[in-house]
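Chemist: One structure follows; several queries about it will come next.
Every number in this text was worked out from the coordinates using simple rules, so none of it is lab data. Quantities reported herein were computed from a predicted structural model and do not represent experimental measurements. FYI the Cβ positions are ideal-geometry reconstructions off the backbone, even for glycines, and counts take in every protein chain you see.
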Amino acid sequence: MKFASFDFNLDESNVVAFGVPLGKNPNKSLQSLRYVSQFVEPMDLDSGVNLLENVKLHDSGDMELTSLDRITEETKKILQMNKPPLILGGNHLLSLYSLKAFENVKLVVFDAHGDFKNSYDDEKIREMNEGFYNPNINDATWLRRVSEFIKPENIMLLGVRSCDEFELNDLKKSGIKYFTSRKIIENQEVLEQIKEFTKNSRVYISFDVDVFDPSICPAVDMPEPDGIFFNNFQKMMQSVNGKIVGIDVCCLNSQDNEISEFLIARSVFEILHKI
Ligand SMILES: [Mn+2]
């Protein structure tokens, strides 16, 4: 099964997708997202635009995850072809390894969580990082690790609403620009900030689907209340000004309905429209 039924071969494609089966039972989620994506219409009725009009996607399937460094290698291979990768996850730790393949990018992260802890250990995080658990390198610390090689002023975090006290202090001190979900819902200033931040830049979009309100995206491990809605996401994506050079989508944990998958597939179309 291919994402959105796209069937371009590698040569003719202008974006290359692959799955990263990282975390707890990721195969079901990857399969479910690809399955549902074929039923989502790409037309935006309000603008009359086909969101996928210029997208020629090659889906190379799920990689074999023998080590985390394989994510970096796979990403590099696609970048060498001068094409943006669309990386389907998998938990958020994958972004640390995909981002190692990039130079000179502005990182836009959609996430309910700061993921800015220096070290973290609990039962849930062990489960979610099954096979690769390390207290300093996991999906509660990945953004902290990324900020050690991407300058904090080149990172923007959108929709955050869950941090511990120390993490929040560190995040404030770091220089990372962040907007809580409440800020995003209540004022428009964020759209101008996104435009300014991404202007004339190479942009990597890291899309943790738990950024959405749990009422519209329930199939996540950590459903944090007071999240953003589709329209907020759409407007933020429309405000991205630069050239999108990489995309990841993470943290779907499929349940028995497909509510989240429909939302996520449509949201990925909004991102692909900007490539
Ligand atoms: Mn998250």
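Chemist: Read phi for every residue in region 145-159 and hand back ³J(HN,Hα) as whole Hz from Karplus 6.51 cos²θ - 1.76 cosθ + 1.60, θ = phi - 60°, with x for Gly and Pro.
Modeler: The phi angles translate into 5, 5, 5, 7, 10, 10, 4, x, 5, 9, 10, 10, 10, 10, x Hz.
Chemist: Taking 7 Å along the Cα-to-C-beta vector as the label spot, tell me the residue 132-residue 192 distance in nanometres, rounded to one decimal.
Modeler: Spacing of the two 7 Å Cα→Cβ label points: 4.0 nm.
Chemist: Follow-up. Under a Cβ-only charge scheme (Lys and Arg +1, Asp and Glu -1), can you give me the dipole magnitude of the chain about the Cα centre, in debye to the nearest 20?
Modeler: The calculation lands at about 900 debye.
Chemist: How about region 89-150: which GluC sites (Glu not before Pro) there are in a DSSP loop, with at most 13 other Cβ atoms within 10 Å of their Cβ? Please report the intermediate quantities before stating the final value.
Modeler: Numbers: sites: 103, 123, 127, 130, 148; in loops: 103, 130, 148.
Those satisfying the criteria are 103, 130, 148.
Chemist: Set the Förster radius R0 to 45 Å, insert the Cβ-Cβ distance between residue 215 and residue 10 as r into 1/(1 + (r/R0)^6), and round the FRET efficiency to 0.05. It would help to have the intermediate numbers written out before the result.
Modeler: On the way: r = 39 Å, r/R0 = 0.87.
According to the calculation, E is roughly 0.70.
Chemist: Taking the Cα centroid of region 170-185 and of region 73-149, what is the distance between the two, rounded to the nearest whole Å?
Modeler: Here the two parts' Cα centres lie 19 Å apart.
Chemist: Do any cysteines of the chain lack a neighbour Cys whose Cβ is under 4.7 Å away, and which are they?
Modeler: Cysteines lacking a close Cβ partner in the chain: 163, 217.
Chemist: Considering only DSSP beta bridges with both partners in the chain, what is the antiparallel share in %, to the nearest 5?
Modeler: Working: 2 of 36 bridges.
So the antiparallel bridges amount to about 5 percent of the total.
Chemist: From the square roots a ≥ b ≥ c of the eigenvalues of the alpha-carbon gyration tensor of region 1-40, which class results: rounded (a/c under 1.5), prolate (a/b over b/c), or oblate? Mind dumping the intermediate values first?
Modeler: Numbers: a/c = 3.55, a/b = 1.53, b/c = 2.31.
Taking the square roots of the gyration eigenvalues as a ≥ b ≥ c, region 1-40 is oblate.
Chemist: Taking a quarter of the surface of the convex hull around the Cα atoms of region 3-272, what do you get in nm²? Mind dumping the intermediate values first?
Modeler: Details: hull surface 52.4 nm².
Reported value for the Cα convex hull: 13.1 nm².
Chemist: Counting helices only, and only those DSSP H runs with n ≥ 4, report the 222 nm mean residue ellipticity of the chain as the sum of -39,500 (n - 2.57) divided by its residues, in deg cm²/dmol to the nearest 500. Write out the running numbers ahead of the final one.
Modeler: Details: 10 runs with 91 residues, N = 275.
Helix contribution divided over all residues of the chain: -9500 deg cm²/dmol.
Chemist: Please list, in order along region 232-244, the HN-Hα scalar couplings obtained from phi with the Karplus expression 6.51 cos²θ - 1.76 cosθ + 1.60 (θ = phi - 60°), rounded to whole Hz, x for Gly and Pro.
Modeler: 5, 5, 4, 5, 5, 4, 5, 8, 5, 9, x, 9, 7
Chemist: Would you work out the charge dipole size for region 1-62 about its Cα centre, treating the Cβ of every Lys and Arg as +1 and the Cβ of every Asp and Glu as -1, and quote it to the nearest 20 debye? Provide the component values of the computation, followed by the final result.
Modeler: Values: 5 positive and 9 negative charges, 90 e Å.
Around 440 debye, computed over region 1-62.
Chemist: Normalised by the residues of region 195-240, what does the relative contact order come to in percent, with Cα pairs under 8 Å and at least six apart? Present the calculation step by step, with values, prior to reporting the outcome.
Modeler: Values: 31 pairs, mean separation 16.8, N = 46.
Value for region 195-240: 37 percent.
Chemist: Can you give the three extents of the C-alpha atoms in region 1-126 along their principal axes, from longest to shortest, in whole Å?
Modeler: For region 1-126, the Cα spread along each principal axis is 47, 31, 28 Å.
Chemist: How would you classify region 155-236 from its alpha-carbon gyration tensor, with a ≥ b ≥ c the square roots of the eigenvalues: rounded for a/c under 1.5, else prolate if a/b is greater than b/c, otherwise oblate?
Modeler: On the way: a/c = 1.68, a/b = 1.15, b/c = 1.45.
Because a/c hits 1.5 or more and a/b fails to exceed b/c, region 155-236 counts as oblate.
Chemist: With θ taken as phi - 60° and the coefficients 6.51, -1.76 and 1.60, list the Karplus ³J(HN,Hα) couplings across region 70-77 in order, rounded to whole Hz; mark glycine and proline as x.
Modeler: Once θ is set to phi - 60°, the couplings for region 70-77 become 4, 5, 4, 4, 4, 5, 4, 4 Hz.
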